[in-house]
Structures are given as structure tokens and as C-alpha cells.
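Worksheet for the structure shown next.
The values are calculated or read from the model by the stated rules, or taken from the named source; none is laboratory data. Because the structure is a prediction, the values reported are computed rather than measured. Here Cβ is always computed from backbone atoms with ideal geometry, including for glycine, and neighbour counts include all displayed protein chains.
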Amino acid sequence: MTVTTDAPWLVALDIDGTTLHEDGTISEAVVRQVRRVAAAGHQIMLATGRSAASTLPVLDRLEITPQFVVCSNGAITLRRDADAPMGYRREWVETFNPSDVLLSIRSHLNNARYAVEDEHGYYRYTEAFPDSTIGLDSEHVPFEELLRHDATRVVVVSPDHDMEDFLQVVEQMGLNQVSYAIGWTAWLDIAPDGVNKATAMERVRAELGIPRSRVMAVGDGRNDIDMLLWAGSEGRGVAMGQSPDDVLEAASELTVSVQDDGLAVVLSSL
């Protein structure tokens, strides 16, 4: 599919497994296409489950300064502000009380690891997490401390479960009043009810005044499903080639895998 009109598109990119390879590198082909699309006047931005602190350095690597950035699976949206630290301020923040869901999950997952992000981007965690998950502003705390703070995001990892077992456990939990997405492994991302990448991107789209027919989203994870459905309903929802089956089914288009620079391939059509 090749798009040749002059009107700008709003392009939302997932980070891990889409923009970044598994080892954290970004291919030259992807960097070149991202910069070309930005220079052509399109609104190209990141929409990720990462914290703001671990998202903004990726913008620096890409050398783009979009007006908005969606973090924490839609719970935090940043707006460009040259006077703010790192050039962005928190524009929209969604929070919830995580205590009930945390206690429910712990009753099902005895040895899980937990991390809770607050509205300021500060993480409290019970055991070590990957750096790209919690960023630098964080502290190790007892589980009970997690119950005392409103959250934008809760992350749960259960090393004792394989993926199939984990899916069954999550179904048994009957999680209510929250939004959640299951990762590649036994990994659970929990956000305020009704909040996801799609809800945040729709707010960004409306703010920028870009029609729904001119939105594109590219992703590879289950936390991208809502965003791909949103983009694909009138625009382009593109799944990376290595995506799980349920992500592929949600997409309106498919590109090749991240190893084969699938993001560069699809951006070349703009």
C-alpha cells in the first residue's frame, strides 16, 4: 500500500519489538524512515507501555520531537514543552487505586513480582524489573507499600508460570474495573479502567485535528491490540510480522518482522 497525498498522517509507533530490536538497537533503516516521515510533515510519535523516563531517550535516538508522546499504555500523555525538563510535560494523566486488584492478583500468584507507577512517573517495586519497564525514579518497597499510592500503571511478572498457565490464571482472576494486557511472557500490564493506547491516541488525534482516515499505528504486542483496531477501523493498523496471532488478527495490515526492519518497510509507504 502506497500513500502519496500531501495531507499529514498521525503515525503511532510502539517501541519494543517495533522500533527497537530485542537487544535494544534501532536499525539505520528505521531511523532513516522515521526522520524522513517527520521531515515530510507527518505527525510521527511513540505510543508505548514504557514509563516517560525510559521513553524520552528513544526520541533522542530517533532525533524527533513530536508534539505528543503516549506512555504507560495510555495512562500518561506528554506534550512538547521546551521549558520543561527533557522537553516534555505531563498533559493528561489517568490514575486508579490499585489495592483491590493487587490483593486479588497476589491471592492467585504467590511468587509474582510487582511494580506500581504513580502519576509523577515514580515506580515502587517488590523485586527487580527490566530497566525499560520502570526507569530510574524508583525504589524497592514491601508489597504493602504498593497499596498506599494511586497508580497510572501496575506491572505483574510471574516467573513461575509459562505463558499458557499464566493466561489461564489471569482468566480465573476475573479482573474488573481495570484495563489489562498480557505480554509475550507471564507479564501483566494493568491500567485504569477504559484506558489504553487507543484512548490516548484518540485524544491526541482530536487535539491535532487529524481525520480518523489518516491515522496509522504500528505494533507487535497484546497491549497494541486496541490501538491497532482503532487505527485500522478507518486508517491503517499495522502488525509486525513476529506478532502473536491475536495481534495479527486485530491488524488491518501486516509488515515483516522487526528483525527484517518491518517498521522501515511500512513507513516507506508514506
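For segment 195-257, the helices (runs of 4 or more DSSP H) that sit wholly inside it and include 3 or more residues that are farther than 19 Å from Glu22 by Cα, in the same structural domain as Ile76 (by TED's automatic domain parsing) and hydrophobic (A, V, I, L, M, F, W, C) are 197-208, 225-234. Examine segment 95-112 for a residue that is touching a Leu at 6+ places or on another chain (Cβ under 8 Å) and either polar (S, T, N, Q) or free of Cβ contacts under 8 Å to residues at least 24 places away in the same chain (or both), and state whether such a residue exists. Yes, that holds for at least one residue. Pairs meeting the criteria (first residue in segment 1-29 and closer than 16 Å to Val218 by Cα, second residue of a type in the set (D, E, K, R) and at pLDDT below 90, beta carbons under 7 Å, at least 6 apart or on different chains) are Ile15/Arg50. Does Tyr123 satisfy the criteria of being modelled with pLDDT under 90, under 20 Å from the mean Cα position of the chain (by Cα) and of a type in the set (Ser, Thr, Tyr)? Here the answer is yes, as Tyr123 does meet what is asked.
Checking the structure you have, find out if any residue of segment 52-72 is in contact with a Cys (Cβ under 8 Å, 6 or more places away or on another chain) and within 28 Å of Thr152 (Cα to Cα).
So in segment 52-72, the residues in contact with a Cys (Cβ under 8 Å, 6 or more places away or on another chain) come out as 52, 55.
From what is left, the residues that are within 28 Å of Thr152 (Cα to Cα) are 52, 55.
Scanning segment 52-72 turns up at least one residue that is in contact with a Cys (Cβ under 8 Å, 6 or more places away or on another chain) and within 28 Å of Thr152 (Cα to Cα).
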